[in-house]
Amino acid sequence: MNLLATTSTVAISCYALLSAVYKSAQAIYAIKSDGPALPDDVPDADALPSVDIIVPCFNETPQTLSACLEAIARQSYSGKLQVYVVDDGSSNRDAVRPVYDAYARDPRFHIILERKNVGKRKAQITAIRRSRGDLVLNVDSDTMIAADVVTKLAMKMRDPAIGAAMGQLTASNRDDTWLTSLIDMEYWLACNEERAAQARFGAVMCCCGPCAMYRRSALLSLLDQYETQLFRGKPSDFGEDRHLTILMLQAGFRTEYVPDAIAATVVPDRLRPYLRQQLRWARSTFRDTLLSLHLLPGLGRYLTLDVVGQNLGPLLLALSLLAGLAQLAFTVTLPWFTGVTIAAMTMVRCCVAAFRARDIRFVGFSLHTPINLFLLLPVKAYALCTLSNSDWLSRKSTNPTDKAKEQVISLDPIIETSATSVAGSGGPTRKGHVTRLVDVEDV
């Protein structure tokens, strides 16, 4: 056996052993525990914590933004609820303005218009510093949350030791293309295997941005660190959800996963945007993994195994793949052991996922393996080599005029509201109102 074949065989064997141990432990810990469930009886409205929902948006389509805000408006939460929509200098503001006008008529909604694009993180912070709720729920502008999401997350946060909690993510457009269907399954696995296992130790390593709730008191104590994150001396603007989660864990708070709090988000339907998204996420994961290494001894052995499995595993797989391809190119012999091992591991994982999800379509997740091998592994390698790059890649630049001012829009009702929509925008209607634009400096 030549050196290339030996390298490929040893690497894939190490990967198979590591994956078997890691995935087995993950599957065991991901099984729902018999611990205390969320109480069925919801306290009186006065006893419930107040919740602020923050929705940063940038160049969002009117239809998607309207669907997001409509889902928020329909929340069944009986406690005090306020919503802060922050337009982060969108260049299509005229197109989404009817949506803003419709929802600004609801006294729960506050529309904040940034003068220029400042980034998602700073847009969030703008709203956090103006809001007053006991809990803060971050929702992406392309995400629709189920009517009971706020209630279920708020009930979970009744434990003062919990600093953050996330819901389960699904792809709202999963039926659009083969890729969106694969991503939807990928989300299920990430939530119900990875996050569910981490939650057994109170240490979800990333409370995903589309739907994550935070305790305000903890959030305020970390806000300066969150706002001024640097990597190699440069501002780091993306990966805000993972970084904020790590800060919560560093501060001694638990981070949790609530599988019954369902949020449906729009996912990329083409490979190029998907790979750009994965590049940002990979850079964020590598950066914050370095930041969290000192936490691992206190979080339990499984979390150490989780970090090793997620970071060393892909490196072993990449080494095996490269050696196998080199073997094929230079010796014209097939790396059959490597190929058979990868195929066997793929089918085992997909069959286990299909059984756990009670959904036969997960057998088709095997199609994700070639994407992972030939696209995602190179993306992760490139991310590791370009960690200092903070480009969003998918964000379109805006050209706001100098005359634009940051404003808080508030509509004072004169006549009582009705429940019908405005011009199909999905928002509440008020007949007869006075609009006043207040500069931020005066608020």
**Item:** Cα-based Rg / Dmax (Å) for the chain
**Value:** 23.3, 84
**Message:** How tilted is helix 271-292 with respect to the longest principal axis of the chain? Cα atoms for both, answer in degrees (0 to 90, nearest 10).
**Reply:** 90 degrees
**Prompt:** For the chain, what is the accessible area per residue in Å² when the probe is 1.4 Å?
**Reply:** 47 Å²
**Request:** Please identify which residues in the range 261-278 have an amide N closer than 17 Å to a label point set 7 Å out from the Cα of residue 76, following the Cα→Cβ vector.
**Result:** 261-264
**Kirkwood-based Rg to Rh ratio, the range 111-171, C-alpha trace** = 0.99
**Prompt:** Taking the Cβ of residue 370 as the center, what net charge do the other residues with Cβ under 15 Å away carry, scoring Lys and Arg +1 and Asp and Glu -1?
**Reply:** 0
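Ranked highest first by average number of other Cβ atoms within 10 Å, how do 143-154, 210-221 line up? Mind dumping the intermediate values first?
Working: 143-154: 22.8, 210-221: 21.2.
Descending packing order for the listed peptides: 143-154, 210-221.
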**Message:** For the range 145-186 and the range 239-316, what is the centre-to-centre distance using only Cα atoms, to the nearest Å?
**Reply:** 15 Å
**Request:** Provide the percentage of antiparallel DSSP beta bridges, counting only those with both residues in the chain; round to the nearest 5.
**Result:** 50 percent
**Message:** Under 5 Å between amide hydrogens, which residues at least 5 positions from residue 137 or on another chain qualify, with H placed 1.01 Å from N in the peptide plane?
**Reply:** 52, 53, 54, 214
**Prompt:** Using a basic spin-label model with each label point 7 Å from the Cα along Cα→Cβ, how many nm lie between residue 61 and residue 14?
**Reply:** 4.6 nm
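Sorting check: for 44-52, 309-317, which peptide has the highest mean count of neighbouring beta carbons within 10 Å, and how do the rest follow?
Descending mean neighbour count gives 309-317, 44-52.
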**Message:** How long are the semi-axes of the equivalent ellipsoid of the range 254-398, defined as square roots of 5 times the Cα gyration tensor eigenvalues? Whole Å, largest first.
**Reply:** 27, 22, 20
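Starting from the exponent 0.38 and prefactor 2.2 Å, build the expected Rg for the range 184-238 from its residue count and divide its actual Cα Rg by it. Write down the numbers at each step before the final one.
On the way: Rg = 14.2 Å, N = 55, 2.2 N^0.38 = 10.1 Å.
Output field value: 1.41.
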**Fill in**
Surrounding charge for residue 15, neighbours by C-beta under 14 angstrom, Lys/Arg +1, Asp/Glu -1, total +2
**Asked** Which FRET efficiency value, to the nearest 0.05, is calculated for residue 361 and residue 32 with the Förster distance at 25 angstrom and r the Cβ-Cβ distance?
**Response** 0.70
**Message:** Assuming 0.36 nm per residue, please report the length gained on full extension of the stretch residue 225 to residue 340 beyond their Cα-Cα distance.
**Reply:** 36.7 nm
**Fill in**
Sorted by chain and then number, the residues having a modelled amide H within less than 5 Å of the amide H of residue 109, at least 5 places away or on another chain, are 83
**Item:** Heavy atoms of residue 371 accessible to a 1.4 Å probe, total area in Å² rounded to 10
**Value:** 20 Å²
**Complete:** Mean Cβ-within-10 Å packing, highest first, puts peptides 285-295, 102-112 in the order 102-112, 285-295
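Carbon and sulfur together cover what percent of the accessible area of the range 100-210 at a 1.4 Å probe radius?
Details: 1620 of 3390 Å².
In the range 100-210, the share of accessible area belonging to carbon and sulfur is 48 percent.
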**FRET efficiency, residue 251 to residue 178 (Cβ-Cβ, R0 45 Å, nearest 0.05)** = 0.60
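Divide by every residue of the chain the summed helix terms, -39500 (n - 2.57) for each DSSP H run of at least 4, and state the resulting mean residue ellipticity at 222 nm, rounded to the nearest 500 deg cm²/dmol. Please report the intermediate quantities before stating the final value.
Numbers: 15 runs with 202 residues, N = 443.
The helix contribution divided over the chain gives -14500 deg cm²/dmol.
Return one quarter of the surface area of the convex hull spanned by the alpha-carbon atoms of the range 35-155, equal to its mean projected area, in nm². Kindly include the intermediate steps, with their values, before the conclusion.
Numbers: hull surface 31.4 nm².
Here the figure is 7.9 nm², rounded to one decimal.
Note down, for the range 119-273, the three equivalent ellipsoid semi-axes (square root of 5 times each alpha carbon gyration tensor eigenvalue), biggest first, whole angstrom. All intermediate terms of the calculation are to be shown ahead of the outcome.
Values: eigenvalues 120, 72, 45 Å².
Values for the range 119-273, descending: 24, 19, 15 Å.
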**Fill in**
Sorted largest first, the Cα spans of the range 100-144 on the principal axes come out in Å as 27, 26, 22
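The values are calculated or read from the model by the stated rules, or taken from the named source; none is laboratory data. Just so you know, these numbers come straight off a predicted model, no measurement behind them. Glycine gets a Cβ as well: all are built from the backbone with ideal geometry, and neighbour counts include every protein chain shown. What goes into the accessible areas is simple: the full protein's heavy atoms, side chains included, and nothing from ligands, DNA or RNA. Shrake-Rupley method; radii C 1.70, N 1.55, O 1.52, S 1.80 Å.
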